[in-house]
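The structure appears below as structure tokens.
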Amino acid sequence: MSKKKHLEFEINLIPAIDLLSVCICFLLLTAVWLHVGALNVKQAVGGQPASESVKKPTVWVQLDGKGGVAFDVRDARVPAKLAKAKIEGKEGKPDLEALKGLVTDLKAAEPALTTVLIQPQAATLYEDIIDVMDSFKKEGLIDLGVAPL
């Protein structure tokens, strides 16, 4: 007698179908929690060639970890005392009242001033950055940016 190998076999697809149905259910359930958001952002510095860029007055603000705020006003006609002003922190936090007064003086000296770039140090607290940004926003400086560390 000759022994012939059985060449017909069946693949059980039920476990694969079960796995796919569970994956589809998981996908449908988690898609509900996905929120797609968009924020209109443009690059503030370096996004255009130097020949095309118009020099706008800009305030560079450096925050230290002790609440100190140092100003560097560029491309604006403001007094030297305002252009390189420094505000010491109060109890480790930025002095928001002094900051408000200085920003008001800057806006009075240069009405076209709308751009502020904030440069925090590694020790600067996130809430201090937000407080300083809020102060600038309230005074009409609406183009805000945070420079990376």
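Taken together, the values in this text are just the output of simple stated rules run on the coordinates, not laboratory data. Because the structure is predicted, anything quoted here is derived from the model rather than measured. So basically every Cβ, Gly included, is an ideal-geometry build from the backbone, and we count neighbours across all protein chains shown.
Using 0.36 nm times the number of residues separating residue 86 and residue 16, minus their current alpha carbon distance, what extension gain do you get? All intermediate terms of the calculation are to be shown ahead of the outcome.
On the way: separation 70, 0.36 × 70 = 25.20 nm, distance 6.74 nm.
Result: 18.5 nm gained on full extension.
The slack in the chain from residue 105 to residue 130, taken as 0.36 nm per residue of separation less the alpha-carbon distance, amounts to 6.9 nm.
Can you give the FRET efficiency to the nearest 0.05 for residue 4 and residue 24, using r as the Cβ-Cβ distance and R₀ = 35 Å?
Values: r = 42 Å, r/R0 = 1.20.
Step by step, r from the Cβ atoms, then E = 0.25.
Each of residue 31 and residue 138 was given a label point 7 Å from its Cα along the Cα-to-Cβ line. The distance between the two points is 4.5 nm.
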